[in-house]
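The structure under discussion appears below in the form of C-alpha cells.
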Amino acid sequence: MNKKIDEIKNRAEGEIKNCADLKSLEDIKIKYLGRKGELNQILRSLGDLSLEEKKVIGPKAQSLRNELDVLIENKKNEFLSKKSRNSLDVTRPGKKIKIGHLHPLTIIENEIIDIFRSMSFSIIDGGPEVETEYYNFDALNIPKNHPAREMHDTFWLQDNQKQLTHDTKQLTESQRSKVKGQKLLLRTHTSPMQIRYMETHKPPFQIVVPGRVFRYEATDASHEINFNQIECLMVGKDVNLTNFKYIIQEFFTRLFKKKLEVRLRPSYFPFVEPGLEIDIQCVKCGGKGCNICKESGWLEIMGAGMVHPNVLKAGGYDPREYQGFAFGLGCERVAMLKYNIPDIRMFYSGDLKFINQF
Ligand code: YSA
C-alpha cells in the first residue's frame, strides 16, 4: 500500500505538471481526488489493514490528497491568468463601433455651404419658420391677389395672436411695428430672409441662408410639403447679371464636379426684375437628352433674378444706389440629381436601407 501511494504521487504530479488545459486538469482531479478516485479507494480500504498499517497509510494518503489538491489549484490559477493575459492582446484589431452618420440632406447642405463660403459668401442662420404675411409676401412685392397667397400654397396659422406675442419678443421696435396685427404662416420660401437681413445690414454683402420651408400642396415624386431651400443674396453698387451667371456656373461645376453649362431664361417672380429661371446642362447625359431631362438636355434648377426696386426699398435701401441679385435653390432637388434619387419622399421616409447608403 505504501508503494502504491508513492506510485500514485509520482504519476499524479507528472500528469498535473504536463497537463495542457483546464478540461484535462478537471479530469485529473476526478481521477485522483474524486469520490471514486484512486486516493479515496485507498482511504476506503483502510478498514482491511492492521492498526499499525492504518497509522502509517492513513495520514500518508491524506497528506498526498492535500498536496494534490494544492498542486491542482495552482495549475488552475496558472491557466486562468494566462487566459486573461491573452484576452488583453493590445495588438488585436479593435471592434468596429457602429455610429450614426449624416443625413443625405445635411451632407448636400454642408457641401453647398462650403462652396459658397469658399467664394466669400457669409452663411446666415435661417430665421423664423413661423413668418408674418409682411415678410413672406408684402415686403417681397407679392401683391395681395397673387396665387401664392391662396390656401393651396400656404399653411396659415390659426392662433395668430398667441404666436405673435411669442414671436415679437425677438424683434426690434421697427420690425415689431411692421408685423403688428399680421397674419402668421409657415414660410413658403427662404426669401423673407432677404428683407430681414437688409433691414439690419448695410451693403455691400453676399450671403446664403439655408432654411426649411413649407407648402400646402399635394406630394409626388418631386414635391414635398416640407422641404429645404438655400437663399442667396448679393447686394452692392455694381452687382449685375454677369456676376450672377459666373457665380452659379462656378457653383454647379464645383457641386457636380464637372464643367456644366448654365442657361438663363426669362421668368416671373414678383420680387425680381428681370426674373429668371435657371437651367443647367443635364448632369446625367451632358446635354444629349435622356429620361432625367426629358430629352431636352437641360434641367430646371432654380428661380432667380435682379432684386426688384420695391424689395430693396422694403429692405431700407435706395434702389438708385444699390442693385443685387438673388436666387432660391431647392436642396432636395439638387440632392436628387447628385445622388440619382428618383423620389423626394425617400428623404423623409425614415427607411434605413435608403439612409445607410450615404
Ligand atoms: C426666386 C428669385 C429670387 O430672387 C430669390 C428666390 C427665388 C426662389 C423663390 N423664392 C421660390 O421659392 N421659387 S420656387 O417656388 O420656384 O422654389 C424654388 C426651388 O424650390 C425650386 O426650384 C425647387 O427646387 C424647390 N421646390 C419648390 N417647391 C418644392 C420644391 N422642392 C420640393 N418640394 C416642393 N414642393
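The values are calculated or read from the model by the stated rules, or taken from the named source; none is laboratory data. From a predicted model like this one, the values you see are computed outputs, not experimental measurements. Neighbour counts are summed over all protein chains in view; Cβ atoms, including those assigned to glycine, are modelled from backbone coordinates with ideal geometry.
Would you say ILE30 is loosely packed, with under 14 Cβ neighbours inside 10 Å and either in contact with a Ser or Thr (Cβ under 7 Å, 6 or more places away or on another chain) or of a type in the set (Val, Ile, Thr) (or both)? Yes: the conditions hold for ILE30.
So LYS288 clears everything in (1) more than 19 Å from ILE142 (Cβ to Cβ); (2) within 15 Å of the ligand (Cβ to nearest atom); (3) charged (D, E, K, R) except one condition, right? Which one? Among (1) more than 19 Å from ILE142 (Cβ to Cβ); (2) within 15 Å of the ligand (Cβ to nearest atom); (3) charged (D, E, K, R), LYS288 violates only (2). Checking each residue in the range 277-286 for being buried (at least 16 other Cβ atoms within 10 Å of the Cβ) and either touching a residue at least 40 places away in the same chain (Cβ under 8 Å) or small (Gly, Ala, Ser) (or both) picks out ILE278, VAL283. For GLN357, the requirement of being more than 30 Å from HIS201 (Cα to Cα) and modelled with pLDDT under 90 is not met.
Residue count for the range 63-75 under the criterion of being of a type in the set (S, T, N, Q) and surrounded by 13 or more Cβ atoms within 10 Å (Cβ to Cβ): the result is 0. Filtering the range 313-340 to residues that are more than 13 Å from the ligand (Cβ to nearest atom) and of a type in the set (Gly, Ala, Ser) leaves ALA314, GLY316. Scanning the range 87-125 for residues that are surrounded by 12 or more Cβ atoms within 10 Å (Cβ to Cβ), more than 12 Å from the chain's Cα centre (by Cα) and among the β-branched types (Val, Ile, Thr) yields a total of 5. The sole residue among HIS166, HIS146 that is at pLDDT 75 or above and over 18 Å from VAL213 (Cα atoms) is HIS146.
Residue count for the range 230-260 under the criterion of being more than 16 Å from PHE121 (Cβ to Cβ) and part of a loop (DSSP other than H, G, I, E, B): the result is 7. Could you list all residues from the range 111-147 that are closer than 13 Å to GLN182 by Cα and in a loop (DSSP other than H, G, I, E, B)? Selection gives PHE137 alone.
So that you can scan it fast, the table gives a plain yes or no per residue for (1) in contact (Cβ under 8 Å) with a residue 60 or more places away in the chain; (2) surrounded by fewer than 21 Cβ atoms within 10 Å (Cβ to Cβ); (3) of a type in the set (D, E, K, R); (4) near the ligand (Cβ under 10 Å from one of its atoms):
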{"position": "VAL209", "(1), (2), (3), (4)": "yes, no, no, no"}
{"position": "GLN249", "(1), (2), (3), (4)": "no, yes, no, no"}
{"position": "THR253", "(1), (2), (3), (4)": "no, yes, no, no"}
{"position": "ARG263", "(1), (2), (3), (4)": "no, yes, yes, no"}
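The residue that is farthest from the ligand (Cβ to nearest atom), counting only those in the range 182-207 that are without any contact (Cβ under 8 Å) to a residue 60 or more places away in the chain, among the polar types (S, T, N, Q) and crowded, with 17+ Cβ neighbours inside 10 Å, is GLN182. In the set SER45, SER81, only one residue is part of a helix (DSSP H, G or I), hydroxyl-bearing (Ser, Thr, Tyr) and within 18 Å of MET1 (Cα to Cα); that residue is SER45. Among the helices (runs of 4 or more DSSP H) confined to the range 304-358, the ones with at least 1 residues that are free of Cβ contacts under 8 Å to residues at least 12 places away in the same chain are located at 309-314, 352-355. Against the numbered list (1) within 26 Å of ASN226 (Cβ to Cβ); (2) more than 6 Å from the ligand (Cβ to nearest atom), ASN310 comes up short only at (1).
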